[in-house]
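> I'd like to ask you about the structure that follows.
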Amino acid sequence: MTVAVNILILVLTFLFMECVAWFTHKYVMHGILWFLHEDHHKLKNKKIFEKNDYFFLIFAIPGVTFLLLGLNADFNYFFWIGSGITIYGFAYFFIHDLFIHQRIKVLKNTKIKYFRAVRKAHKVHHKNTGKYNGECFGMLWFPKTYLKEFKES
């Protein structure tokens, strides 16, 4: 495959992962696996690790599997799918864990309108501490109304 096709597969997989993450967050984390996700909404003492962190492993397994399948087949499309999943995982760690939740005190302030809106949408999601009636389940995509709240600085 050409470099352009490989990059396209990687980018489309990354974008698709936002859809997977939204669906999983809304219907699995706030559904059958709420017992793992609940502490993420209710934890007040800000432990370093939460039961919710098991989802890291759940999402990492397909990424690693595709990477290994692609490596064993001379970097075929499986490798690029695995790369897209893995890059989404890194983005999730940096945006969700570091930027939004400040699990390690870095990336505190930004003047970039998009990132301020990401943080606001996630805070709205966490206002609901229960399993039901939540909103803003995505990480990178959110309703446009959150962008309108902030002026570009």
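> Considering each of 82, 89 in turn, give the residue that is part of a helix (DSSP H, G or I), over 12 Å from the mean Cα position of the chain (by Cα) and under 17 Å from residue 9 (Cβ atoms). Quick ask: steps written out before the conclusion?
Working: 89 fails: over 12 Å from the mean Cα position of the chain (by Cα).
Step by step, each of 82, 89 is checked, and only 82 is part of a helix (DSSP H, G or I), over 12 Å from the mean Cα position of the chain (by Cα) and under 17 Å from residue 9 (Cβ atoms).
> Being at pLDDT below 85, touching a helix residue (DSSP H, G or I) at 6+ places or on another chain (Cβ under 7 Å) and surrounded by fewer than 13 Cβ atoms within 10 Å (Cβ to Cβ) is the filter here, so list the residues in the range 124-150 that pass it.
Selection gives 129, 149.
> Which condition number in (1) surrounded by 18 or more Cβ atoms within 10 Å (Cβ to Cβ); (2) of a type in the set (Gly, Ala, Ser); (3) within 12 Å of the chain's Cα centre (by Cα) is the one that residue 121 fails?
Here residue 121 clears every test but (3).
> Name every residue in the range 1-55 that is in contact with a Lys or Arg (Cβ under 9 Å, 6 or more places away or on another chain), surrounded by 15 or more Cβ atoms within 10 Å (Cβ to Cβ) and in contact (Cβ under 8 Å) with a residue 40 or more places away in the chain, in order of residue number.
Listed by number, the residues that qualify are 30, 38, 41.
> Please name all residue pairs, on different chains or six or more residues apart, with Cβ atoms under 7 Å, provided the first residue is in the range 100-128 and is farther than 15 Å from residue 139 by Cβ and without any contact (Cβ under 8 Å) to a residue 24 or more places away in the chain and the second residue is of a type in the set (A, V, I, L, M) and outside any loop (DSSP other than H, G, I, E, B).
Hits for this filter: 104/98; 106/98.
> Follow-up. Among the residues of the range 1-51, write down those that are more than 20 Å from residue 77 (Cα to Cα), assigned to a helix (DSSP H, G or I), touching a helix residue (DSSP H, G or I) at 6+ places or on another chain (Cβ under 9 Å) and among the aliphatic types (A, V, I, L, M).
Listed by number, the residues that qualify are 21, 28, 29, 36.
The values are calculated or read from the model by the stated rules, or taken from the named source; none is laboratory data. What you are looking at is a predicted structure, and each value in this text was computed from that prediction instead of being measured. With ideal geometry, Cβ positions are generated from the backbone for all residues, glycine too; neighbour counts draw on all protein chains shown.
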